[in-house]
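Notes for the one structure printed next.
Just so it is clear, none of the values below were taken in a lab; they were calculated from the coordinates. The model shown is predicted, which means the values in this text are computed figures rather than measured ones. We place every Cβ from the backbone using ideal geometry, glycine too, and count neighbours over all the protein chains shown.
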Amino acid sequence: MNTKKITVIGDGGWGTTLAMILNAKGNKVAMWGVFPEYIETMKSARENVKFLPGIKIPDPISLTSDIEAAVRDADIIVLAAPSQHMREVAGRMKGMNLDGKLFVSVAKGIENHSMMRMSQVVRDVLGKVRIGALSGPTISFEVARGLPTTVVAAAEDEKTAQEIQDLFMTETFRVYTNTDLTGVELGGSIKNVIAIAAGISDGMGFGVNTKSSMLVRGIVEIARLGTAMGAKQETFYGISGLGDLVTTCVSTHGRNRWFGEEIGKGKNPGQVLKSTEMVVEGVGTAESCHELQKEYNVEMPIAGEIYAIIYSGKDPKAAVRDLMTRKKKSENDN
């Protein structure tokens, strides 16, 4: 076994789960978190009590709030920080010796204002580092329990994608490769906006028919924007696109669907956000998506209504009515 020194940047549920996978494969793994007091709590409990409760963190995994020490000797850096904090986290590594290190982004989002994908944000801060992404339908506690899961390792070149594939692949965690980094990152990001819509549907008491329509028309919107941005259409109908979308919209554990459900029950979006420590990635992505659909002049009615609900206070009932009474068109219209 080729042992690697790997640091996971971010101590959320997904970062913790990936640290466990990498540790089980015999690698030397460290996990960094920004809050020293919470790192100490995890050290004592050997458990991520906030974000992955009930799952023991194996003793060999080192927990630290010292990012310089965590990064210094690592061969591979797994970036598991929330997307809207990725630039600040990457900035903490600026000036360090990063030669030869492989970066793997597992965050799903598009940075507000810059409209950059996570790999672009990291390169914007750190220069031309070698980077790929790992994305797909991944509910943390299911993966942590060893339930069969498939994901995609994406990079601009096949060799890097295969390196990421080899790094994470296990008997229960199957990894495919894809060189459409743009499509994989966009699919994993924008699906969170559609998941909010699915949650609103649930909260308003709608049925399976409604959610099915939301899913299929949602993936059309994602693919419409993605192809306009240079991604391959088939990527959005694969694991990191449709696969991730289905999981996020159906699972009762998805934070974006939950956020939407609370809104559908009549709660204010801002109040819902204040009630949780979890980062609801779809909220920031809805803003970025709104800007991108204007920039690329593509039609994204569902995403547009979610933006209006979150940022303009639009009544979800009015949003549903406006979606259902749009002008008649063919299903195959682009």
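Dividing the summed -39500 (n - 2.57) terms of all DSSP H runs of n ≥ 4 by the residue count of the chain sets its mean residue ellipticity at 222 nm at -14500 deg cm²/dmol. Considering all C-alpha pairs of the range 1-131, those separated by over 25 Å amount to 21%. Taking label points 7 Å from Cα along the Cα-to-Cβ direction, THR41 and ALA24 give a separation of 2.6 nm. When MET300, MET42 are arranged by Cβ crowding within 10 Å, least crowded first, meaning fewest neighbours, the order is MET42, MET300.
Is the C-alpha gyration tensor of the range 267-327 telling us rounded, prolate or oblate? Criteria: a/c under 1.5 is rounded; beyond that, a/b larger than b/c is prolate, otherwise oblate. Could you put the intermediate results ahead of the total?
On the way: a/c = 3.01, a/b = 1.34, b/c = 2.24.
Cα axes put the range 267-327 in the oblate bin.
Net charge dipole, the range 182-324: roughly 320 debye, given to the nearest 20, about the Cα centre with Cβ charges of +1 for Lys and Arg and -1 for Asp and Glu.
Among ASN27, ASN178, ASN268, determine the one that fluctuates most according to a GNM of the chain built with springs between C-alpha atoms less than 10 Å apart. Between ASN27, ASN178, ASN268, it is ASN268 that shows the largest mean-square fluctuation.
Take every Cα pair under 8 Å whose residues are at least 6 apart in sequence, average their separation, divide by the length of the chain, and the relative contact order is 14 percent. Only one residue of SER83, PHE51, HIS253 has its Cα farthest out toward the positive end of the dipole of the chain, where Lys and Arg carry +1 and Asp and Glu -1 on Cβ, and that residue is HIS253. Given +1 at the Cβ of Lys and Arg, -1 at the Cβ of Asp and Glu and no other charges, the dipole of the chain around its Cα centre is 460 debye to the nearest 20.
Across the options LEU18, LEU292, GLY199, the greatest Cα extent toward the positive end of the charge dipole of the chain (unit charges at beta carbon of Lys, Arg, Asp, Glu) belongs to GLY199. Just so you know, the Cα atoms of the range 182-324 work out to an Rg and Dmax of 13.7, 38 Å. Remark on VAL78: its backbone amide H falls under 5 Å from those of THR7, VAL8, ILE9, VAL104, a criterion applied only to residues 5 or more positions apart or on other chains, H modelled at 1.01 Å from N.
Where does each of GLU261, GLU295, GLU171 land when they are ranked from fewest to most other beta-carbon atoms within 10 angstrom?
Result, fewest neighbours first: GLU171, GLU295, GLU261.
Whole-Hz Karplus values for the range 272-289 come out as 5, 4, 5, 8, 9, 8, 6, 7, 8, 4, x, 5, x, 5, 4, 5, 5, 4 Hz, taken residue by residue from phi with 6.51 cos²θ - 1.76 cosθ + 1.60 and θ = phi - 60°; glycine and proline positions read x.
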